[in-house]
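The structure appears right after this line, and notes come after that.
What follows is calculated from the coordinates using simple rules that are stated; it is not laboratory data. The shown structure was predicted, so the numbers you read here are calculated from the model rather than taken from an experiment. Reconstructed Cβ throughout: ideal geometry from the backbone, glycine too, with neighbour counts over all protein chains shown.
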Amino acid sequence: MHCAVILHAPIGGGKTTTAATVAERVKADGLKVAGVLSRRVLEGGEYPSYEIVDLATGVVTPLVKPAEMVEGDDWESHGNPVYRFSKKGFYAANLALNKAAEAMERDTVVFVDEYGRLESQGMGIHAGAVSVAEALRGGGVAVYLCRDDKVPEVANLLKGKADRVFTLEAGDSDALLRIVLGCSKL
């Protein structure tokens with residue numbers, strides 16, 4: 001069976017924390033864990049930074065930083081006055097998601113963090129998120145993290161690709177774990 005979970009909450013609502021907890025627990029249960037988590041990093045400024053963690057390799061790559069903290073050709077604004085986004089970070093995230101999609105099978109859980117505004121415009125990690133959705137047809141479980149307003153869009157992305165799609169508000173790692181383990185045993 002191939003299942004997907006849409007884990008949603010507002011910004012700062014615990015999506016990544018919930019997913020990270022479950023990723024560690026399913027790995028301990030012997031399942032393969034892949035994909036990316038976007039970890040918040042506090043660097044002493046008014047706004048946090050974010051880095052991508054490749055769950056298969058453990059490699060960490062900077063992804064988003066406050067505009068005043070970066071310079072150079074790698075960082076783009078995408079119309080955001082506060083943040084800059086790393087081209088290398090998005091490349092690393094999409095590469096990790098594409099590799100996860102290629103290796104996806106029944107005992108694989110892939111995390112996609114986070115489907116947001118840029119992904120809605122076909123940028124950011126959109127390509128990797130689509131690859132994982134397409135790979136669901138071959139089995140496995142995908143957990144998509146998004147803000148509340150993106151739930152319908154992620155559901156549409158998964159339409160016809162997963163046998164079951166669950167929607168869960170972030171914060172309840174036990175509920176997410178039950179869904180993931182239940183799907184991986186079918």
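The order of S86, S120, going from fewest to most other C-beta atoms within 10 Å of their C-beta, is S120, S86.
The mean sequence separation of alpha-carbon pairs under 8 Å and at least six residues apart, normalised by the residue count of region 117-186, gives a relative contact order of 30 percent.
Could you tell me which helices of the chain pass both thresholds, a Cα extent of 15 Å or more along their own axis and a mean Kyte-Doolittle hydropathy of at least 0.5, with helices taken as whole DSSP H runs? Those that clear 15 Å and a mean of 0.5 are 173-184.
For K161, K88, K65, K185, the sequence from fewest to most other C-beta atoms within 10 Å is K185, K88, K161, K65.
Our summary gives the chain a relative contact order of 34 percent, counting only alpha carbon pairs under 8 angstrom and 6 or more residues apart. Its Cα gyration tensor gives region 1-83 an equivalent ellipsoid; the semi-axes, largest first and in whole Å, are 28, 14, 12. The Rg/Rh ratio for region 139-186 is 0.95, where Rg is the radius of gyration of the alpha carbons and Rh is the Kirkwood radius.
In a simple Cβ point-charge model (Lys, Arg +1; Asp, Glu -1; nothing else charged), region 76-186 has a dipole of about 240 debye relative to its Cα centre. Scalar couplings 3J(HN,Hα) for region 67-75, obtained by applying the Karplus form with A = 6.51, B = -1.76, C = 1.60 to θ = phi - 60°, are 3, 6, 9, 9, 7, x, 6, 6, 9 Hz; x denotes Gly and Pro.
Set against the labelled values [x] 57, 47, 30; [y] 49, 31, 27; [z] 54, 36, 30, Cα extents along the principal axes in Å computed from this structure falls on [y]. Classify region 11-57 as rounded, prolate or oblate from the Cα gyration tensor: take a ≥ b ≥ c as the square roots of its eigenvalues, call it rounded if a/c is under 1.5, otherwise prolate when a/b beats b/c and oblate if not. Verdict is prolate for region 11-57. Cysteine residues of the chain whose C-beta has no other cysteine C-beta under 4.7 angstrom: C146.
At an R0 of 22 angstrom, the distance between the Cβ atoms of E71 and R117 translates into a FRET efficiency of 0.40. The calculated pair-distance distribution of region 53-135 uses every alpha carbon pair, bins of 10 angstrom beginning at 0, and gives 18, 48, 27, 7, 1 percent. Between region 36-84 and region 140-184, the alpha-carbon centres lie 25 Å apart. Along the axis of the charge dipole computed for the chain (Cβ charges of +1 for Lys and Arg, -1 for Asp and Glu, origin at the Cα centre), the listed residues V41, A67, L31 are led at the positive end by L31. Sorted ascending by nearby beta carbons within 10 Å, beginning with the fewest, T21, T61 become T21, T61.
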